[in-house]
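Read through the structure below, which is laid out as structure tokens, and then see the notes.
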Amino acid sequence: MYVKIRAIDVVRVPPERLGDNLPLTVKEILRDRLEGLMDKKIGMFIAILDVVDMKQGRIIIGDGGVYYETTFDVLVFRPKMQEIVEGEVVEIVEFGAFVEIGPLDGLLHISQITDEYISYDEKGAKLVTKDTNRTLGEGDRVRARIVAISLNEMDPGDSKIGLTMRQPGLGKLEWIEEEREKEMKVE
């Protein structure tokens, strides 16, 4: 999910910044340009961690800035298919729950929560199972598996991540603990 990668990019330092501490200036420019951006192959850039190396600067005719090929470490959020994630329910809607998993939200469709029939309690802003009367609401912690990923580079907030809790070991953390306690009593 979170990965530290080493990347290379060319950074243009404007002429008015050439007298400043160069590594700090390059790091600041990289932060301004990359943090929060989404790349379908790499993931979402979370934080520029460190500038590792800078080649000698290059000047282009007609441009007062200096261009530096820079190697840097960056923290990236990269969701992977079938990955098990834990997150907090941030919104309950009629068709399911949105779960915050890092900087993005995943959708836990009502059909992917449990095998039981589930109804939507609009007043209580909860999803309620029919047989066991279990509830899922905002603030609940869940463990789920990623089953669909559609990342949007132009608008990262519009990226879609599909989740499921329909397998053993997944679900609301309280439900998982209840199941574990039942198994311990049986043994």
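The values are calculated or read from the model by the stated rules, or taken from the named source; none is laboratory data. Everything quoted here is computed from the prediction, not taken from an experiment. Every residue, glycine as well, gets a Cβ built from its backbone with ideal geometry; the counts of neighbours run over all protein chains shown.
Laid out as a table, the results:
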{"item": "Of all residues in region 93-110 being modelled with pLDDT of 90 or more and small (Gly, Ala, Ser), the one that is surrounded by the fewest Cβ atoms within 10 Å (Cβ to Cβ)", "result": "96"}
{"item": "Residue count for region 111-142, restricted to those that are charged (D, E, K, R), touching a Lys or Arg at 6+ places or on another chain (Cβ under 9 Å) and buried (at least 18 other Cβ atoms within 10 Å of the Cβ)", "result": "2"}
{"item": "Filtered residue count, region 29-41, keeping only those that are within 30 Å of residue 82 (Cα to Cα) and buried (at least 16 other Cβ atoms within 10 Å of the Cβ)", "result": "2"}
{"item": "Selection from region 97-124 of residues that are in a loop (DSSP other than H, G, I, E, B) and out of contact with any Pro (no Cβ under 9 Å at 6 or more places or on another chain)", "result": "113, 114, 115, 116, 117, 122, 123, 124"}
{"item": "Any hit, region 56-77, residues being more than 30 Å from residue 18 (Cβ to Cβ) and either loosely packed, with under 13 Cβ neighbours inside 10 Å or free of Cβ contacts under 8 Å to residues at least 24 places away in the same chain (or both)", "result": "no"}
{"item": "Candidates 51, 26, 13, filtered to the one that is crowded, with 18+ Cβ neighbours inside 10 Å, more than 25 Å from residue 1 (Cβ to Cβ) and in contact with a Leu (Cβ under 9 Å, 6 or more places away or on another chain)", "result": "13"}
{"item": "Odd one out for residue 76 among (1) part of a strand (DSSP E or B); (2) under 28 Å from residue 120 (Cβ atoms)", "result": "(2)"}
{"item": "Lone unmet requirement of (1) modelled with pLDDT under 95; (2) touching a strand residue (DSSP E or B) at 6+ places or on another chain (Cβ under 7 Å); (3) surrounded by 16 or more Cβ atoms within 10 Å (Cβ to Cβ) for residue 175", "result": "(2)"}
{"item": "Subset tally (residues that are in contact with a helix residue (DSSP H, G or I) (Cβ under 9 Å, 6 or more places away or on another chain) and either at pLDDT 95 or above or aliphatic (A, V, I, L, M) (or both)) for region 146-170", "result": "6"}
